[in-house]
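Report on the structure given below.
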Amino acid sequence: MQLGDIFDDEDFDVVTASVEVERVEIDSRQCVFPSLFFAVPGAHVDGANFVRDAIDHGAVAVVATRAIDVPVPVVVIPASRLYGTLTHASAAVSGHPEVGATLVGVTGTNGKTSVTALVADLARALGWNGASVGTLDGERTTPAAPELYRSLARVRASFAPDRAPSVIALEVSSHALAQHRVEGSRFAVVAFTNLSHDHLDYHRSMEEYYAAKRRLFEADFSSRAVIWVDDPYGERLARETSLNVVAVSRHDALDAVTSLSGTTFFWRGHLVNTRLIGDYNIDNALVAMSIVAHLGAGDAEVAAAMAQVNAVAGRFEVVHHGEVTVIVDYAHTPQGLERLLRSVRALSTGRVLTVFGCGGDRDAAKRPMMGRVATELSDVTIVTSDNPRHESPDDIIDAIIAGAVATADVLREVDRRAAIALAMAHARAGDVVVVAGKGHETTQTFGDRVVEFDDRQVVGELVRGH
C-alpha cells in the first residue's frame, strides 16, 4: 500500500506519496522492510528516540508528533490524532479486516477471557463465523493496533466466506484503553463483567482504574452495551453510560444447578445445559448469551447452543477427577480467587487445598489480600511461585502469608511443581486441590529467563507418577 493511500488527506509530493508500505510498527525492533514506524510517546521512553533504529531495521517512513531529521519521509501529526491515525493506518495496511466483521469488546477485571471465548463458541454453534482475540492468543490481553489488526486479518482469513455474521470477540484491557490501543475501533456491542483490585501499580487508584474501563462505554466506540449489574461498578456504569444498555444479573438464571460435570439453569424461559462448571461461570455465560442475543440470535437458539460450548482453557478446568479432584484456574486477583474458591466449596464434600502465588513486578498491594482470601476459604493453603520475574520469590511469598488468617494451615514451597505435588500428597479421598493463578499459561518467568511450565501438564505427570 502506498503512503499517499494511507494518508489521503496529506499533501505529499509524488515521490513521498508513492512510498510502498507493507507493515505498521510501534516497536523499532519489529520493523522490517518496508515498514511504517509510528514514534509513539511511552510512559518511560519516547518512540522518537528510536526512529533511526527503526530505519536501520527497514522502516521506509515515520509518523511522529514533531519533525525529525532522517533520510525517510516523516509525517508530522498532532499528538491528539496520533492513536487514531495509528489505528487507521494499521487497519488500512492489513486490508481493513474489521469491515464486514461484527466486533465485540469485553472489559472487566475477571471474566474477559471466558466471555470472549464463550461468545466465539456460541457464534460457531449458531452456524456463524466466530473467533476471539485476547489472553489465550498472545502476550498482551489486548495487542497494540498494528498486531491487533494483523490478528483480525488472520482471523478473517480463516472464516468461511459463506457464513454470516462474522463475530470477533476482543478482550479490551484497562491498559489498552489507557494507552489508546483500540482508539478508532468500532464495536457492535461492548460488555462489562466486573471490577475489583488489580493493576493498581499502573492505575494508582480504583477510581482511575474504573475511569479507564469506562472509556469503552462512550459513543465513539459503540452504541450498545451489555453490563453485569450485580457488581457495584457495573451498576454504576449502567447508570452513567449513554449507551443502550442490557443489564445482566444472576437473577437472570433460574433454578441453577452446578456440579463437577456441568451446569443447568433456565434463562429467559429456556433450559440451558452446559459443560461449564462453577457459579462464576454462570455469570460469564449470562453475559456471553446476552451479547449474542443482542447481536440478533433468538433466545431459544442461544440457550440450545450453550450445550455445544466448550469449557475455557484454564478456567475452572477439571484436569483430574478421581478420588481427589484437581482444578486449574487462572484466578490471580483477590476477587477472582474468592469467586473460584466459593464455587469449589459449593461443589465439594471434602477439604479444599489451594496452591497459588502472586506475580513479581506487578501490583504488590493485592498479595496479602489474596493470602487472606485463600486461607479463609481453604483448609490447607500452599503458597508458591507464580512468575516472580525480577523479584525474590521468597519475598513475594512472605507478603502473601502476611495476610493469612492467624489460625490457617499454611505451607510454603517456592518450587511450583513441588508445591502441587505437596498438595496432592496431602489430599484425601473426596478432597479438591485447586491450582490457581496461571490457568492456560505454559511458562514461568524468573528474571529474564522463561521456562516451560504448565500446571495442567504437571498435574497429569504427578497423577501418572512421572
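What the table below lists for this structure:
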quantity: Fewest-first sequence of ILE420, ILE327, ILE68, ILE401 by Cβ atoms within 10 Å of each Cβ; calculated: ILE68, ILE401, ILE420, ILE327
quantity: Shape category assigned to region 317-464 from the gyration tensor of Cα positions, a/c cut at 1.5; calculated: oblate
quantity: Centroid-to-centroid separation of region 238-274 and region 285-313 [C-alpha atoms, Å]; calculated: 10 Å
quantity: Highest-first arrangement of 286-295, 11-20, 76-85, where packing means the average Cβ count within 10 Å; calculated: 286-295, 76-85, 11-20
quantity: Largest-first principal axis extents of the Cα set of the chain (Å); calculated: 77, 53, 42
quantity: Ranking of ASP299, ASP5 by count of other Cβ atoms within 10 Å, fewest first; calculated: ASP5, ASP299
quantity: Cα principal axis extents for region 379-462, largest first, Å; calculated: 38, 31, 17
quantity: Counted charge near LEU126, where neighbours are those whose Cβ lies closer than 14 Å (Asp, Glu -1; Lys, Arg +1); calculated: -1
quantity: Crossing angle, helix 79-93 versus the chain [Cα axis fit, 0-90 degrees, rounded to tens]; calculated: 90 degrees
quantity: Principal-axis tilt of helix 416-426 within the chain, Cα atoms, nearest 10 degrees; calculated: 20 degrees
quantity: In degrees, nearest ten, helix 279-294 long axis to first principal axis of the chain (Cα); calculated: 40 degrees
quantity: Taking PHE356, PHE221 and counting other C-beta atoms within 10 Å, the order from fewest to most; calculated: PHE221, PHE356
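Every read-out reported here was derived from the displayed coordinates using simple, explicitly stated rules and does not represent laboratory data. What you see is a predicted model, and the numbers here were worked out from it, not measured in a lab. Methodologically, a virtual Cβ is constructed for each residue, glycine included, from the backbone with ideal geometry; neighbour enumeration extends over all protein chains shown.
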